[in-house]
Structures are given as C-alpha cells and as structure tokens.
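Read the structure below first, then the notes.
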Amino acid sequence: MRALLITAGATHNPIDSMRSITANASGKTGAWFAQQLYLDFEITVMGSQLAIANNTAPVKEITFTSTRDLEQKMKDWVLKNPNGIVIHSAAVGDYEVSDPDYEHKISSGQSELSITLVPTPKILPQLKKWSTKLTIVSFKAAPPSTKPSELVNIATRQCIASGSEIVLANVIGHTHNDVMLVTTSEHEHYLKRKDALKSLVQHIKGW
C-alpha cells in the first residue's frame, strides 16, 4: 500500500510565549481526504491541533506548530517515503517574527508595538528536491480579484515550479465555488468545491 501524507490546518508562527501568527484554516479538507482515502493508502495526517481534532479517520497523526516545524516534519516523512504521495493542503505561514520571544509574554497596555516580519522557508518547492519520485497535490488560493483565466495561469505556474501533479485552485472569498483542477497541460472547472474534491480523490486513487 502506497504511503500518503496529508497536511492540514494552519501553521502558528510564534510572536512570544502566548501569541502567534496564523491563518483561518480548520483542516477539515485534509480530514475529509483522509476519510475518503484511508482504505487505499497508508496515510499520515500531519496537522495543526485543530486539524488533528477534526480528523476521524483511523490513520497515523503528527501534530505540527510553526512553518519551520512543519518543514522539518515533512522532510523527515519524505525521506522515509520517497515514493509517496503528498496532499499539501495546509495553510503555511509565509512570514515569521525576526526575533520571537519564546520565554516571555509581551506586556499588554502599550500604546504602540512594532514587530519585524521576515519570510519563512517555502516548503512546496523543496518537496521534489527531497525526492524526485514524489507525487504531489498542491493548493492555490488566489487574491479576490483574480479572473478565471488568471487563476489557471497562476496554478499552472505553481504546477510547473513545484512539480505538482495537480493543483486545486480557487479565489479567496469564493472557496466553495468556481474551483479549478489544473495540470501542466489542462484544467477542469467545477462550479462547486465538493465536486472538485470528489474528482481529485478519483485522480489520486488511480495513481
């Protein structure tokens, strides 16, 4: 049975011992994939605490915290499963605080507070560097004003740059409709997200 990694939920990049930068991602999509595919693959769900809580499939679970923590844990998995499949649906933070204070809490009540953000490592482009034999499904959420033709172009570029087999692409604010499944050579348009997800599952089962 082929190994399959599903990333789900959002990273939490720390500001101090209590606060973090994160995104609004529950991990329900990743949990849904696990439920649909656990009979066909040896699945690991790598998720945020919320994503793991949402998972009900009988699969291995690994919890991640920050972008860097996710990066390391994904690399470890890929090196152990170089022929595996990765469904990378997690919302990965693009920025982190330059000097987070892990030991203390920033005092409240200040009239002004400044923090400096720096880019985090990009995980998706590294996957094929860790193993050229991986099969990758990635996701792209484009800005709200993105037109359908632009969305296809953006997803196609991601497909080529990351070595993804398929990119599921949508526009922020319209995540439940007008969804694209994009490869390097073609694309499929779905009026409803659930139909795109069901089609994607069938693609994955065929690999």
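The values are calculated or read from the model by the stated rules, or taken from the named source; none is laboratory data. Being a predicted model, the structure only gives us computed values, none of them experimental. Cβ coordinates were reconstructed from backbone atoms using ideal geometry, including for glycine residues, and neighbour counts include every protein chain displayed. To get the accessible areas, we keep the full protein, side chains included, count just its heavy atoms, and leave off ligands, DNA and RNA. Shrake-Rupley method; radii C 1.70, N 1.55, O 1.52, S 1.80 Å.
A compact table of results
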| item | result |
| --- | --- |
| Any hit, the range 176-184, residues being among the hydroxyl-bearing types (Ser, Thr, Tyr), open to solvent by 70 Å² or more (accessible area, probe 1.4 Å), out of contact with any Leu (no Cβ under 6 Å at 6 or more places or on another chain) and modelled with pLDDT under 95 | no |
| Members of the range 109-141 found to be within 14 Å of Ile166 (Cα to Cα), of a type in the set (Ser, Thr, Tyr) and touching a Leu at 6+ places or on another chain (Cβ under 8 Å), listed by number | Ser138 |
| Index of the failed condition, Lys105 passing every other in (1) in contact with an Asp or Glu (Cβ under 8 Å, 6 or more places away or on another chain); (2) open to solvent by less than 60 Å² (accessible area, probe 1.4 Å); (3) over 30 Å from His176 (Cα atoms) | (2) |
| Hits in the range 18-65 (condition: in a loop (DSSP other than H, G, I, E, B) and under 23 Å from Gly173 (Cα atoms)) | Thr22, Ala23, Asn24, Ala25, Ser26, Gly27, Ser48 |
| The range 125-167: number of residues that are assigned to a helix (DSSP H, G or I) and either charged (D, E, K, R) or touching a residue at least 40 places away in the same chain (Cβ under 8 Å) (or both) | 8 |
